[in-house]
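Heads up, the thing below is written out as structure tokens.
The values are calculated or read from the model by the stated rules, or taken from the named source; none is laboratory data. These figures come from a predicted structure and were not determined experimentally. For neighbour counting, all protein chains shown are included, and Cβ atoms are generated from backbone atoms with ideal geometry for every residue, glycine included.
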Amino acid sequence: MFETETDVLAWYEEQPRALTPEFVNNFPWHEVRAHALAPAFAPVLIYMRDVEAFTDIYYEELRRTPTGKSPVIKKFMDRWSVEEFQHAELLNRFLNEAGIPTSKRWLEEARAKIPFNYTFENRLYPIITNCFGKHFSAVHMAWGAVNEMTTLQGYRRLWQLAKHPVLEKLLRAISQEESAHTKFYWNIARLKLERSGFTRKLARTVISRFWTPVGQGTKPKREANYLIATLFKGADGVDFFDRNVNHKLEQLPGFTGLKSITQRIARIAL
Ligand SMILES: [Fe+2]
Ligand SMILES: [Fe+2]
């Protein structure tokens, strides 16, 4: 159990990259086509690729708030944003190797599709969060933990359902990094929430009322819903999500009994 935020950062910085240049160079890209990928998973991979690539938008938002000015968080985010962008590039390469062509300008095209109202809200967002100053950093960290957990469990479900061995190999490596991201966000959130009752109330209120699945906003809601329905379908899928995401959120100070994350998933998946 970490006692300070600096300890959490030190732990993160000790973690080796899973996606080293050797891993990428020796990856069996030539075997991707030897296995079938059900067409239903292609839009899921594209959604995941784009959301990974949009990490820098989120990073840019945070940089303008007290959260992004914290030296510990800033140091984490400098490495984190590089890792997330590489995840996007590897997913894009996987799509191509699987025979699903993507434009050379896929990133520009995906960014151009971000709705105007997102960009607009995006500009207002730091102004609102700055009103709560440092208290809001706990919200950012708890929210970040939920996003990382959702991403990680999304990848796990994808490799379990798609049954494509090369995709599984890639997603397992990406997931090692998602798991380190989760641990960072979750522990920083815990330390911040332990410090103040006001922070705990604020974080619980904001997440229960405003949380939306990772990527929704930059991507249309119907695409987020497609991903949820595909990966977490039925009672089994919702239970998997509840155990691995919502339950871990509930273990943060101030979050006991909050079920709104699972409920949002259940509305689509059941
Ligand atoms: Fe990622
Ligand atoms: Fe991540």
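Here residue 255 meets each of (1) among the hydrophobic types (A, V, I, L, M, F, W, C); (2) assigned to a helix (DSSP H, G or I); (3) modelled with pLDDT of 95 or more with one exception, condition (2). Only helices (runs of 4 or more DSSP H) whose full extent lies in the stretch 1-87 are considered here, and the ones with at least 3 residues that are more than 20 Å from the chain's Cα centre (by Cα) are 5-14, 21-25. Checked against (1) surrounded by fewer than 16 Cβ atoms within 10 Å (Cβ to Cβ); (2) in contact (Cβ under 8 Å) with a residue 24 or more places away in the chain; (3) closer than 30 Å to residue 128 by Cβ; (4) among the basic types (Lys, Arg), residue 33 passes all but a single condition, namely (3).
Assessment of the stretch 8-20 against the conditions (surrounded by 14 or more Cβ atoms within 10 Å (Cβ to Cβ) and among the β-branched types (Val, Ile, Thr)) yields at least one matching residue. The set of residues from the stretch 101-120 being surrounded by fewer than 13 Cβ atoms within 10 Å (Cβ to Cβ) and either modelled with pLDDT of 90 or more or closer than 14 Å to residue 216 by Cβ (or both) comprises 101, 103, 104, 105, 108, 109, 112, 113, 115, 117.
The set of residues in the stretch 160-184 that are under 17 Å from residue 43 (Cα atoms) and within 16 Å of ligand 2 (Cβ to nearest atom) contains only 171. Annotation note: Cβ proximity below 6 Å between a residue of the stretch 44-69 that is under 15 Å from residue 150 (Cβ atoms) and a residue that is among the polar types (S, T, N, Q) (sequence gap 6+ or interchain) occurs for 44/230; 54/218; 55/81.
Within 16 Å of ligand 2 (Cβ to nearest atom), in a helix (DSSP H, G or I) and either among the small types (Gly, Ala, Ser) or buried (at least 22 other Cβ atoms within 10 Å of the Cβ) (or both), is that true of residue 193? It is false that residue 193 is within 16 Å of ligand 2 (Cβ to nearest atom), in a helix (DSSP H, G or I) and either among the small types (Gly, Ala, Ser) or buried (at least 22 other Cβ atoms within 10 Å of the Cβ) (or both).
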